[in-house]
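Q: One structure follows; several queries about it will come next.
The values are calculated or read from the model by the stated rules, or taken from the named source; none is laboratory data. Only a predicted model underlies this, so the values are computations on that prediction, with no experimental measurement involved. Note: ideal-geometry Cβ built from the backbone for every residue, glycine included; neighbour counts use all protein chains shown.
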């Protein structure tokens, strides 16, 4: 083995560390406004094209929810549209083929709470801030942006835009586009409460600490 001086080792480690931090920072960046507009255009183009077989969700889907599924959320959204009009359109428990995502209001003005569920029932909690009709997420979901879009037949979709390892921003059909929202449930009522009580307790604590709620807005 070739001997290397302590100085050269320190320099090498410094370079590796800086490189790692650079990759991490890049992976956490948010899509730019230009990239967001491109994602929206691509969604609208896809929404007017024939759907791929068994795809959900790409933008072509009709609203197949029953009145019983729609009405509780519509009442919830209507109530919150008075207190938080920019947040209200995002509220609900959204689904696609790969996972689910719940968007909750907060009693803190301008704040949104999100619980993301991956296919393996891996739960992540995030607090988001809303600006320019989009929600920037933080914590475990840092770098992701939520967008609310409708297709030509009036169905509503939630797009999760993010920048991939190739440094390209996208909201991929089937995995990052959600629809068919229903009333969001309290964390204590989610399957996580049985699958992982400790993880559920952590999410409940963070949920409450952020002022998140499943209740109607307080009268001002």
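Q: Going by what's in this entry, would residue 75 be described as at pLDDT below 95 and either surrounded by fewer than 16 Cβ atoms within 10 Å (Cβ to Cβ) or touching a strand residue (DSSP E or B) at 6+ places or on another chain (Cβ under 9 Å) (or both)?
A: Details: at pLDDT below 95: no; either surrounded by fewer than 16 Cβ atoms within 10 Å (Cβ to Cβ) or touching a strand residue (DSSP E or B) at 6+ places or on another chain (Cβ under 9 Å) (or both): yes.
Here the answer is no, as residue 75 does not meet what is asked.
Q: Further question: Which residue, of 81, 118, 152, 106, is exposed (fewer than 14 other Cβ atoms within 10 Å of the Cβ) and more than 15 Å from the chain's Cα centre (by Cα)? Outline the logic, then answer.
A: Values: 81 fails: exposed (fewer than 14 other Cβ atoms within 10 Å of the Cβ); 118 fails: more than 15 Å from the chain's Cα centre (by Cα); 106 fails: exposed (fewer than 14 other Cβ atoms within 10 Å of the Cβ).
It is 152.
Q: Something else about it: Inside the stretch 32-47, can you point out the residues that are exposed (fewer than 11 other Cβ atoms within 10 Å of the Cβ) and at pLDDT below 95? Give the steps one after another, and end with the answer.
A: Step one: filter the stretch 32-47 for residues exposed (fewer than 11 other Cβ atoms within 10 Å of the Cβ), giving 33-34, 41, 45.
Result: 45, single match.
Q: Being in contact with a helix residue (DSSP H, G or I) (Cβ under 9 Å, 6 or more places away or on another chain), without any contact (Cβ under 8 Å) to a residue 60 or more places away in the chain and within 30 Å of residue 31 (Cβ to Cβ) is the filter here; which residues of the stretch 162-207 pass it?
A: Once the filter is applied, which keeps residues that are in contact with a helix residue (DSSP H, G or I) (Cβ under 9 Å, 6 or more places away or on another chain), without any contact (Cβ under 8 Å) to a residue 60 or more places away in the chain and within 30 Å of residue 31 (Cβ to Cβ), the stretch 162-207 yields 164, 168.
Q: Follow-up question, since we're still on this one. For the stretch 176-215, which residues satisfy the criterion of being modelled with pLDDT of 90 or more, assigned to a loop (DSSP other than H, G, I, E, B) and more than 16 Å from residue 92 (Cα to Cα)?
A: 210, 211, listed by residue number.
Q: Then there's this: Tell me which of these residue 173 doesn't satisfy, since it passes every other one: (1) in contact with a strand residue (DSSP E or B) (Cβ under 9 Å, 6 or more places away or on another chain); (2) surrounded by 19 or more Cβ atoms within 10 Å (Cβ to Cβ).
A: Residue 173 satisfies every listed condition except (1).
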